[in-house]
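Here is the structure we will look at.
The values are calculated or read from the model by the stated rules, or taken from the named source; none is laboratory data. Everything numeric in this text was worked out from a predicted model, so none of it was measured. Positions of Cβ are generated from backbone atoms using ideal geometry, with glycine treated the same way; all protein chains shown enter the neighbour counts.
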Amino acid sequence: MTQARPQPYRVRDIHVVAKGADVLVREYTLDPGEAIPWHRHTQVSDYYYGLEGTVLVETREPAERHELGAGQFARVNPPTVHHVSNPGRAPCRFLLIQGVGKYDFVKAD
């Protein structure tokens, strides 16, 4: 039996909505100041959909900032290094769809 790897960061809540061989859909809730650290993926694109509050998606090369409110969208293609955070004073919620391809999380400095 294979052990699941521990989550490489902590946020308020992560709820798996759907999981397939090459697509993963999760709903995230981040408290103010919480973040998903800088990282990249080798195959999958990240599709962020704002549900509540403000979620900040930042990328390197190209350096971009996307502040997403409810109903707004941003995409990060591999192997772009990116970071996700809650810059607000209230919790934020967003849907993250990752695919199509094998999921990985490569931490970046």
Point to revise | Candidate set: the stretch 13-39, residues that are at pLDDT below 95 and out of contact with any Phe, Trp or Tyr (no Cβ under 6 Å at 6 or more places or on another chain); chosen: the one surrounded by the most Cβ atoms within 10 Å (Cβ to Cβ) | key: 23
Exercise for review: Give 42, 29, 59 a once-over and let me know the one that is at negative phi, within 14 Å of the chain's Cα centre (by Cα) and touching a residue at least 40 places away in the same chain (Cβ under 8 Å).
Suggested key: 29
Check your understanding: When you look at residue 71, is it out of contact with any Pro (no Cβ under 7 Å at 6 or more places or on another chain), farther than 11 Å from residue 86 by Cα and modelled with pLDDT of 95 or more, yes or no?
Key -> yes
Check your understanding: Only one residue in 65, 5 is exposed (fewer than 13 other Cβ atoms within 10 Å of the Cβ) and modelled with pLDDT under 95, so which one is that?
Key -> 5
**Study point:** Among residues of the stretch 76-109, those that are under 25 Å from residue 32 (Cβ atoms), surrounded by 12 or more Cβ atoms within 10 Å (Cβ to Cβ) and modelled with pLDDT of 95 or more, counted
**Key:** 16
Point to revise | Selection status of residue 109, out of contact with any Gly (no Cβ under 7 Å at 6 or more places or on another chain) and of a type in the set (Asp, Glu) | key: yes
